[in-house]
Amino acid sequence: MSQQDPIRLFVAHVWEESDDYHRIFEYLESARNFYYRNTSTPDHRPAADVESRREDLRTQIRLAEILIAPASLYRHQSEWLMFMLHFAKSCNKPVMVVRPFGIQAIVPRALTELADDVVDWDERGLVDAIRRLARQENTARYDVIEFNPDDFKLED
């Protein structure tokens, strides 16, 4: 993944930008050396009929390498969210579900059954899951903690 070859991702929406929709991009923007292109267009609402809306979502999802679904969307828009997840799976696209933000809530079973991964709100966890699912990149990272051994000497 590079600036010339960003990961194409679709963040589930129902033609409304929610707090969790924006929050996902805030987390991704704070990640170093992570390049992506958003294929979702919540601000371009298609015609009012259901089939036009479904086709609009299909087009956005086809362009993506991974579908990211905020679990909070399930509460008010379960039918649309399930449509998006089922379509992504039918196209062999990985699905990543992000737990509800700020509350300890159980992710509905309908979502976990379709998800390839369910992640918490953590910048590193989000980015690693996207890289692993979309590009099968090895995301094993290790933190290095530097310390001065003199800080741990026992005083006489």
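The values are calculated or read from the model by the stated rules, or taken from the named source; none is laboratory data. Values in this document were obtained by computation on a predicted structure and should not be read as measured data. We place every Cβ from the backbone using ideal geometry, glycine too, and count neighbours over all the protein chains shown.
Might you let me know whether segment 23-44 holds any residue that is of a type outside the set (Lys, Arg), loosely packed, with under 12 Cβ neighbours inside 10 Å, more than 19 Å from Ala129 (Cβ to Cβ) and free of Cβ contacts under 8 Å to residues at least 40 places away in the same chain? Yes, segment 23-44 has at least one match. Identify the single condition in (1) at pLDDT below 95; (2) in a helix (DSSP H, G or I); (3) not basic (Lys, Arg) that Ala88 does not satisfy, given that it satisfies every other one. Here Ala88 clears every test but (1).
Tell me, please, whether a residue that is assigned to a helix (DSSP H, G or I), aliphatic (A, V, I, L, M) and in contact with a Leu (Cβ under 8 Å, 6 or more places away or on another chain) can be found in segment 97-107. No, the conditions are met nowhere in segment 97-107. Looking only at residues of segment 91-119 that are basic (Lys, Arg) and touching an Asp or Glu at 6+ places or on another chain (Cβ under 8 Å), we find that the one that is modelled with the lowest pLDDT is Arg99. Among the residues of segment 70-77, not a single one is among the aromatic types (Phe, Trp, Tyr), touching a residue at least 40 places away in the same chain (Cβ under 8 Å) and surrounded by 16 or more Cβ atoms within 10 Å (Cβ to Cβ). The condition (being of a type in the set (Gly, Ala, Ser) and closer than 16 Å to Leu133 by Cβ) is satisfied by just one residue among Ala105, Ala64: Ala64. Within segment 83-104, the set of residues being closer than 25 Å to Ser30 by Cα and exposed (fewer than 15 other Cβ atoms within 10 Å of the Cβ) comprises Gly102, Ile103, Gln104. Look at Arg45 and say whether it is among the basic types (Lys, Arg) and outside any helix (DSSP H, G or I). Judged against the criteria, Arg45 is a match.
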